[in-house]
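The values are calculated or read from the model by the stated rules, or taken from the named source; none is laboratory data. Every value quoted in this text rests on a predicted model; they were computed, and no experiment measured them. Note that we place each Cβ from the backbone using ideal geometry, even for glycine, and neighbour counts take in every protein chain shown. With ligands, DNA and RNA removed, areas are computed over all heavy atoms of the protein, side chains included. Shrake-Rupley method; radii C 1.70, N 1.55, O 1.52, S 1.80 Å.
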Amino acid sequence: ARMALVTAVLEARLAQAHGNFAAKLKSLRATVETIDFFQQDSGGHADKLGLGSSAAVTVALAGALDALDGTGTVERSAAGLDYLLGLHRRFQGGRGSGLDLAASLFGGVLEYRLAASAEGDAGPQVRPAALPTGLQWLGVWTGRGASTGDFLARLAQWRCDDARGYRDAMAALSALADRGARLAAADDVDTAAVDVEFEA
């Protein structure tokens with residue numbers, strides 16, 4: 001179970017392999033190390049920090065296999081992100097926005113959106129952004145790890161149980177994100193933020 005993501009990436013690459021990729025894969029030796037994505041206490045217990053370890057593993061391993069195969073599938077492009085998003089969603093049961101994948105693939109500060117298509121699928125739109133001059137941010141560790149899979153399952157359940165509340169909350173968050181993106185693009189840190197309240 002701990003190797004499920006690695007297995008998913010390997011199987012996806014094998015399914016579309018070119019030439020003698022399978023033979024090359026037999027000689028591959030790789031180390032997947034994600035310890036920096038965890039907070040260890042004095043007793044040796046590790047809590048997940050929630051910084052996108054599975055996305056980072058997906059991008060790094062898929063990129064390494066791509067280099068081995070020489071296909072150019074995993075590139076810093078919309079097509080590369082689409083490929084990785086499809087792969088990662090299969091691992092996560094079809095869930096996830098892909099923001100963490102975009103961060104791992106492109107790096108830097110990004111504006112990320114999911115656009116609904118005629119079929120209802122959400123496609124990613126990514127563009128480089130910049131933090132406004134003078135903006136300061138601080139990461140805070142709550143002292144407790146969380147499972148992304150569990151969170152996404154609870155979110156999906158909330159959507160089923162309270163479709164209107166879910167829709168209202170997502171609309172409020174979307175409006176706040178849009179406003180933040182506009183203020184960042186305008187290099188504006190002085191405009192007061194809009195207070196958004198909702199019950200989950």
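Out of all the residues in the range 33-51, which are modelled with pLDDT of 85 or more and assigned to a loop (DSSP other than H, G, I, E, B)? Residues satisfying the conditions are E33, T34. Selection over the range 94-115 of residues that are open to solvent by 60 Å² or more (accessible area, probe 1.4 Å) and at pLDDT below 90 gives a count of 3.
A175 - would you say it is closer than 20 Å to R113 by Cα and open to solvent by less than 40 Å² (accessible area, probe 1.4 Å)? When the stated conditions are applied, A175 does not pass them. Note on the range 155-165: residues that are surrounded by 12 or more Cβ atoms within 10 Å (Cβ to Cβ) and under 20 Å from G93 (Cα atoms) amount to 4.
Looking across Q125, Q136, Q157, one residue alone is among the polar types (S, T, N, Q) and in a helix (DSSP H, G or I). It is Q157. Selection over the range 52-89 of residues that are part of a helix (DSSP H, G or I), without any contact (Cβ under 8 Å) to a residue 12 or more places away in the chain, open to solvent by less than 40 Å² (accessible area, probe 1.4 Å) and more than 15 Å from A17 (Cα to Cα) gives a count of 1. Every listed requirement among (1) more than 24 Å from E33 (Cα to Cα); (2) among the hydrophobic types (A, V, I, L, M, F, W, C); (3) at pLDDT 85 or above is met by L68 save one, (1).
Taking the numbered list (1) out of contact with any Phe, Trp or Tyr (no Cβ under 8 Å at 6 or more places or on another chain); (2) more than 29 Å from V9 (Cα to Cα); (3) at pLDDT below 90; (4) exposed (fewer than 15 other Cβ atoms within 10 Å of the Cβ) in turn, L131 passes all entries but (1). For the condition open to solvent by 50 Å² or more (accessible area, probe 1.4 Å), in a loop (DSSP other than H, G, I, E, B), modelled with pLDDT under 80 and in contact with a Leu (Cβ under 8 Å, 6 or more places away or on another chain), T142 does not qualify. Scan the range 7-28 residue by residue and report those that are open to solvent by less than 40 Å² (accessible area, probe 1.4 Å) and not aliphatic (A, V, I, L, M). Those that are open to solvent by less than 40 Å² (accessible area, probe 1.4 Å) and not aliphatic (A, V, I, L, M): R13, F21.
Restricting R159, R113, R144 to residues that are among the basic types (K, R), under 24 Å from V57 (Cα atoms) and free of Cβ contacts under 8 Å to residues at least 24 places away in the same chain narrows the list to R113.
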